[in-house]
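Okay, so here's the structure we're looking at.
Please treat every number below as a calculation from the coordinates, not as lab data. Model, not experiment: these values are computed from the prediction. No Cβ is skipped: glycine too gets one built from the backbone with ideal geometry, and neighbour counts run over all protein chains shown.
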Amino acid sequence: MQTMAEDDVHAFLEAAKATQYYALFHMALFTGMRRSELLALRWSDVDLLMCQASINRTLHRLNNGEIIFCETKTAKSKRMVALSPRTCITLREHRDKQAQNRLLMGTTLQESDLVFSKLDGSPLLPDSVSHAFSVLASRLGLKGIHLHSARHTHATLMLKQGVHPRVVQERLGHASISVTLDVYSHVMPGMQEMAAKGFDKFDLVPEPEKPTAKH
């Protein structure tokens, strides 16, 4: 499992601003959503006022090239993901550009339209998105980093920040917390050290009694 450090994420997103996938890559790193979930997201699934996104379907490309949309595989995969203020700003800017492009093409942006799509509103090809992510990562010297690494990076950074594994499980849409703990067990030793050091902050040990003066 390859993940990106905080500095790597910053450098990657700065470089991604020059591509058509900036908002998509930002969303991947800031939410941990799967590729299939990101590409199936509609504007009606996103609440920029409440800063949340509803994950309820996925996009897949069949061997014959056909694009299909499916419901999420499990009940846990169907979830509500909180969005950071920075992510909401990025999505608003992305939506404004998308709306302008639609007007130039003689149409208007609809709530049922895909959040991430081609200029004409048609779905992005999954492999093309993954390829663009890998190419950008390679150009920045981030070896072994691909689109799914964004999901692992999101989870790892949260755990290192002390976010409870249950919250990480809910954001990633894992079937159970045991899956999250198994996949990210490599982060746990560091968390245990932090917990041990943090315990010293509690005033649990009584101060030694002061000797009393003898008369």
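Values computed for the structure shown
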item: Cα centroid of the range 1-34 to Cα centroid of the range 63-137, whole Å; result: 15
item: Listed candidates [x] -0.42, -0.91, -1.15; [y] -0.33, -0.82, -1.09; [z] -0.50, -1.21, -1.46 - label of the one calculated as log10 I(q)/I(0) by the Debye sum over Cα atoms at q = 0.09, 0.14, 0.16 Å⁻¹; result: [x]
item: Amide proton proximity set for L83, modelled H, under 5 Å, gap of 5+; result: Q52, A53
item: Segment H60-Q2, length gained on full extension (0.36 nm per residue, minus Cα span); result: 18.5 nm
item: The chain, helix-only ellipticity at 222 nm - DSSP H runs n ≥ 4, -39,500 (n - 2.57), divided by all residues, nearest 500; result: -14500 deg cm²/dmol
item: Between 0 and 90°, nearest 10: helix 85-104 axis offset from the chain longest Cα axis; result: 0
item: Magnitude of the charge dipole, the chain, Cβ model with Lys/Arg +1 and Asp/Glu -1, debye to 20; result: 160
item: Extended-chain gain in nm, criterion 0.36 nm per residue less alpha-carbon gap, A99 and T74; result: 5.7 nm
item: Share, in percent, of DSSP beta bridges within the chain that are antiparallel, nearest 5; result: 100
item: GluC sites (Glu not before Pro), loop per DSSP, at most 12 other Cβ atoms within 10 Å - longest free stretch of the chain; result: 112-208
item: Karplus (6.51, -1.76, 1.60) ³J(HN,Hα), θ = phi - 60°, over the range 131-145, in Hz, Gly and Pro reported as x; result: 5, 4, 5, 5, 4, 5, 4, 5, 5, 8, x, 8, 6, x, 9
item: 3J(HN,Hα) from dihedral phi, the range 112-129, Karplus parametrisation 6.51/-1.76/1.60, rounded to Hz, x for glycine, proline; result: 7, 6, 5, 5, 10, 8, 6, 4, 8, x, 6, x, 6, 7, x, 5, 5, 5
item: Length added when fully stretched, K17-H164, from 0.36 nm per residue minus Cα-Cα; result: 49.8 nm
